[in-house]
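Let me begin by presenting the structure, written as structure tokens, before commenting on it.
The values are calculated or read from the model by the stated rules, or taken from the named source; none is laboratory data. Since the model is a prediction, treat every value here as computed from it, not as a measurement. Every residue, glycine as well, gets a Cβ built from its backbone with ideal geometry; the counts of neighbours run over all protein chains shown. What goes into the accessible areas is simple: the full protein's heavy atoms, side chains included, and nothing from ligands, DNA or RNA. Shrake-Rupley method; radii C 1.70, N 1.55, O 1.52, S 1.80 Å.
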Amino acid sequence: MKNEFPNRIRAEIDLGAAEKNFNALKGFLYDGFTKPACVVKADGYGHGDLQLMSLYQRLGVDFFCVSNTNEALRLRDGGCTGDILILSWFSPDDADVLSENNIIGTVVSREHAAALSGKASKPVRVHIKVDTGMGRVGLTADDPEQFAAEAAEIASMPNISVEGVFTHFAVADSRVESDVAYTENQKLKFLDAVNAAERLGVRFKHMHFLNSAATMYSYDSRSTLARLGIVLYGLRPAYSLHIPVAIEPVMSLKTVVSHVKTVHKGDSVSYGRTFTADGDRVIATVPCGYADGYPRLLSGNCEALIRGKRAKGVGKICMDQMMFDVTKIDGVSAGDEVTLIGRDGSEVISADVLAEACGTIGYEIVCGISKRVPRVYIGGDDPEAD
Ligand SMILES: *Cc1c(COP(=O)(O)O)cnc(C)c1O
């Protein structure tokens, strides 16, 4: 049997957890009205786009979202048979690549649509993006009649086939009253704009506005798709807010102890000498650093699980290594497993906790685990995993 576990560091991706998360989330949607559209952009939020796509496809998913043409082509070449929607702007130069690979693009403006139609030699399937208050891209919904006229114009362009319309919420992950009202207003603006376009005869197979947060906190079955991202991976859109579905993190980050030594009073550890021992301390070094995507901002403010116990990080996190104080953990030795994200016995460190500690969101932590960290797939039915 080949050794599938690289011994420096690995991101373990638990396909069993991913499957449970998907089933729980699907059960939450009003079946027959809202279809799950699995968002696997950014390499499936760092978890592996093809592996996750294959899993969801086996579970019956036939709609996937990515953020650019390359990601869409990866899915198609990797065996995706369902719809693939590029959520963000893409170059009109990609027009024929999209139609040849049956990929759906998003048009972000009338000009974008016109350029696309001009470059295309056959019709490109598109969804129209509506800006209802995210302030990023999209046709404005401030005046529904103007939106309707522009949508009708786009629908009449020769090489464009309009199939859908969607918007994106800015504060769906907040339960603060003014934010809830803002989201509700975005939705009303969107529905008004879509209705006005339909009165002009524009037909949309899909109209959608749910992301993970909106699905969890303000589910509305009028959205024909739920663009589920972060919750599929077992993280919450806002760490502090409970969600009504039981999910569990899919990614763990594991490494090993490379070296153990005792330092004495006055000895310092790592660059900048930010840690100086106040007495005898046992220090374990692990071969993971910020080049693996572990945030350097967490220097002196992080923990690892070793032998089922918590160890505090000491000194600056280096590019390829970091150090932990294991004085209080008996018998730590080189080769011991170290959990930086995930569970060891009864102790857990979540990506969300790391994110909180450095002032960001769990999304950035999992997306940031770098490409040099091998992904190891466990717990799935996939014969190539485990
Ligand atoms: C990334 C993205 C999503 C998924 O967001 P989550 O918060 O991860 O659910 C949905 N819609 C759009 C337009 C996106 O860009």
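What is the ratio of the Cα radius of gyration of region 16-233 to 2.2 N^0.38 Å, with N the residue count, to two decimals?
In units of the 2.2 N^0.38 Å rule of thumb, it is 0.98.
For region 1-149, what does the accessible surface come to per residue with a 1.4 Å probe? Please give it in Å².
41 Å²
Which one of Leu73, Tyr363, Thr34 has its Cα pushed farthest toward the positive end of the charge dipole of the chain, where Lys and Arg give +1 and Asp and Glu give -1 at the Cβ?
About the Cα centre, the residue reaching furthest to the positive side is Tyr363.
For Ile341, which sequence-distant residues (separation of 5 or more, or a different chain) have an amide H within less than 5 Å of its own amide H, given hydrogens modelled in the peptide plane?
Sorted by chain and number, the residues that satisfy this are Leu253.
Can you quote the Å³ per residue value for the convex hull of the Cα atoms in the chain, rounded to an integer?
150 Å³
As a test of the definition: which semi-axes, in Å, follow for region 224-268 when you take the square root of five times each eigenvalue of its alpha carbon gyration tensor? Largest first, please.
41, 14, 9
Search the structure for amide H atoms under 5 Å from the amide H of Cys302, placed 1.01 Å from N in the peptide plane, and list their residues when 5 or more places away or on another chain.
Distant-sequence amide H within range of Cys302: Gly313.
Can you give me the long-range amide H partners of Val165? Hydrogens built in the peptide plane at 1.01 Å from N, cutoff under 5 Å, separation of 5 or more residues or another chain.
For Val165, whose amide H was placed from the backbone, the distant partners under 5 Å are Ile128, His206, Met207, His208.
Tell me, Kirkwood radius of region 251-349 from alpha-carbon pair distances, in Å?
With all distinct Cα pairs of region 251-349 included, I get 13.2 Å.
Report in % the part of the accessible area of the chain that belongs to carbon and sulfur, leaving out ligands and nucleic acids; probe 1.4 Å.
The computed percentage sits at 50.
Report the Cα centroid-to-centroid distance between region 55-71 and region 168-189 in angstrom, as an integer.
Centre-to-centre (Cα) distance: 27 Å.
In whole Hz and in residue order, list the ³J(HN,Hα) couplings for region 123-133 that follow from phi through the Karplus curve 6.51 cos²θ - 1.76 cosθ + 1.60, θ = phi - 60°; x for Gly and Pro.
Here the 3J(HN,Hα) series is x, 9, 6, 9, 10, 8, 8, 10, 8, 10, x Hz.
Kindly state, to the nearest 0.05, the FRET efficiency for Thr262 paired with Ala24, given R0 = 45 Å and r defined as their beta-carbon distance.
0.45
Among the chymotrypsin sites (Phe, Trp or Tyr not before Pro) in region 12-113, which ones are in a DSSP loop with at most 12 other Cβ atoms within 10 Å of the Cβ? Mind listing them?
For chymotrypsin sites (Phe, Trp or Tyr not before Pro) across region 12-113 that sit outside H, G, I, E and B with at most 12 neighbouring Cβ atoms in 10 Å, the list reads Tyr30, Phe33.
Using a 10 angstrom cutoff on alpha carbons, build the Gaussian network for the chain and name the most mobile of Ile329, Ile128, Ile306.
The residue with the greatest mean-square fluctuation here is Ile329.
Probe radius 1.4 Å, ligands and nucleic acids left out: which of His242, His259 has the largest accessible area, and how do the rest follow?
His242, His259
Take region 107-197, compute every pairwise Cα distance, and split them into 5 Å bins from 0; I just need the percent in each bin.
For region 107-197, the pair-distance distribution reads 3, 15, 24, 21, 15, 10, 6, 3, 2, 0.
Which values, in whole Å and largest first, are the semi-axes of the equivalent ellipsoid of region 1-126 obtained as the square root of 5 times each eigenvalue of the Cα gyration tensor?
Result for region 1-126: semi-axes of 31, 19, 12 Å.
Percent antiparallel among DSSP beta bridges with both residues in the chain, to the nearest 5?
Expressed as a percentage, antiparallel bridges in the chain total about 50.
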